[in-house]
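Presented below is the structure to which this report refers.
The values are calculated or read from the model by the stated rules, or taken from the named source; none is laboratory data. Predicted, not measured: the structure shown is a model, and the values here were computed from it. Virtual Cβ from ideal backbone geometry, glycine too; neighbours counted across all protein chains shown.
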Amino acid sequence: MILELPRKTEHLGAVRIHEVQRVYELDSGASKFPTKAKEAVATISNDEIERINQKMAIVVPIKDERLNLLEGVLSGIPHDCQVIIVSNSARSPVDRFQTEKQSIKEFNHFVDDKILLVHQQDPGISKAFRDAGFDSVLESGTVRGGKAEGMLVATLLGKMLGKEYLGFIDADNYIPGAVHEYVEIFAAGFTLAESPYSMVRVSWTHKPKIEDDRLFFPKWGRVSEVTNQCLNRLIESHTGFGTEIIKTGNAGEHALSMALADLLFYASGFAVETYEIVNILEQFGGLLPPTHPEVMSSGVDIFQIETRNPHLHEDKGEGHIDEMLLSSLGAIYNSPICSEKAKNNIASILAGRGLAKEGQEPPSPTKIEPAATLDLPRFVETIRRESQTLSEFGG
Ligand code: GDD
């Protein structure tokens, strides 16, 4: 892959937020070679990408998606990556989880990928959390529904497998080639990272839709445009310099080094991607007392890399958009690092959209404790013994 080197980086405490980087060429061949623009680009060889892929788990959270989409996503994930599918699909009246399992088994007959599948609300998983006293992911003793909760389960399973990197790819992606590109982007970002604490976020080139019977390629999603604006107002209220650095406030497709994933609080539901940035700033941005001094010396790298493939996924409707916006902005608003000015900006956006009344604060998302706080060997022992749905395929 040949991609642009970041042209600008915002520094907040130990956090380095790199500007969006363009991909120039998806496949740069087997070895490095000089380009005329060698100071401006990074050439990542296939060997380098494969080295990261072997250490990376790709997490596919799924809830009641169409099986053809899931199979397409699996077909786009490079064979060297471990796949972790955390499903929260219905068990009745139709057992959609069983159908997913069957379809993964059929697919894997031909490819022998390393796939781990589990249901998020498996009683054995809930018990393992209860026994560990890890209550922040539970509701009435059972793992809560929500993408972030699924991501936490996957983070722990990735840790159990000794993986060093975790990439998240939604199950409702239509284009397998785009999925393949996301994974290569993750690997390219981790190759460029200077710190073991790093995150790579995918910025879509376009999200195509049909408008007036024609294909239209808008640049920004309806939620991300607003979330990015609010995150940028938050950052500039601390640096004192206007910025548009954040372009990936809602990037469902993103990846974390395990060292970083281990330390982060995840925000419940759809606030998760926005809150990852906020929590990195809370913990390592130098605005609050540092929680992990060892991270402060290495720093945290946040890369944002723009795809060549368009992003085409299921459209879940207007109500869903409002829900995502409210939880994303609530995650920023309720942070202890959110300045009065940034809060006022969010309040007026929400009031303007009829999502909050004048003077009403957006809800603060429930926070899930970092994976590092859980006793992993004990957790693993319980799920190996008690899980009713954990299945391992291939490898
Ligand atoms: N395991 C699990 N558990 N997966 C879930 C759950 C759940 O409770 N709810 C949704 N998912 C899966 C979906 O099946 C899909 O693969 C992915 O998580 C994203 O959910 P969608 O409902 O498709 O969200 P979206 O695509 O409209 O929302 C986009 O923006 C959000 C807000 O930033 C995506 O990029 C999301 O990933 C993002 O959180």
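Please state which one of A128, A154, A132, A90 is of a type in the set (A, V, I, L, M) and at pLDDT below 95.
A132
State which residue is farthest from the ligand (Cβ to nearest atom) when the search covers only the stretch 268-292 and only residues that are in contact with a strand residue (DSSP E or B) (Cβ under 8 Å, 6 or more places away or on another chain) and over 25 Å from E306 (Cβ atoms).
G286
Evaluate the stretch 198-220: report whether one residue or more is more than 12 Å from the ligand (Cβ to nearest atom), at pLDDT 95 or above, surrounded by fewer than 24 Cβ atoms within 10 Å (Cβ to Cβ) and not β-branched (V, I, T).
Scanning the stretch 198-220 turns up at least one residue that is more than 12 Å from the ligand (Cβ to nearest atom), at pLDDT 95 or above, surrounded by fewer than 24 Cβ atoms within 10 Å (Cβ to Cβ) and not β-branched (V, I, T).
So which residues in the stretch 164-200 are in a strand (DSSP E or B), over 19 Å from S45 (Cβ atoms) and of a type in the set (F, W, Y)?
F168, Y197
Pick out the one residue from E25, E106, E48 that is over 30 Å from T243 (Cβ atoms) and surrounded by fewer than 17 Cβ atoms within 10 Å (Cβ to Cβ).
The unique qualifying residue is E106.
Quick one: how many residues across the stretch 227-267 are in contact with a strand residue (DSSP E or B) (Cβ under 8 Å, 6 or more places away or on another chain), part of a loop (DSSP other than H, G, I, E, B) and within 16 Å of the ligand (Cβ to nearest atom)?
Residues meeting the conditions: 8.
Which residue out of G189, G162 is surrounded by 24 or more Cβ atoms within 10 Å (Cβ to Cβ), more than 12 Å from the ligand (Cβ to nearest atom), of a type in the set (G, A, S) and more than 30 Å from A90 (Cβ to Cβ)?
It is G189.
I want to confirm something. Restricting to the stretch 310-361 and keeping residues that are β-branched (V, I, T) and in a helix (DSSP H, G or I), which single residue is nearest to the ligand (Cβ to nearest atom)?
The residue in question is I321.
Within the set of pairs 6 or more residues apart or between chains, which connect a residue that is within 19 Å of H313 (Cα to Cα) and of a type in the set (G, A, S) inside the stretch 60-89 to a residue that is assigned to a helix (DSSP H, G or I) and within 8 Å of the ligand (Cβ to nearest atom) with Cβ atoms less than 9 Å apart?
Correct list of pairs: S87/G150.
Report the residue count in the stretch 142-173 for those that are among the charged types (D, E, K, R) and more than 20 Å from S327 (Cβ to Cβ).
Count: 3.
Mind checking which pairs have a first residue in the stretch 207-236 that is in contact (Cβ under 8 Å) with a residue 60 or more places away in the chain and a second that is assigned to a strand (DSSP E or B), Cβ under 6 Å, 6 or more apart or different chains?
P208/L215; K209/F216
Taking the condition away from the ligand (no atom under 12 Å from the Cβ) and of a type in the set (A, V, I, L, M, F, W, C), does I58 pass?
When the stated conditions are applied, I58 passes them.
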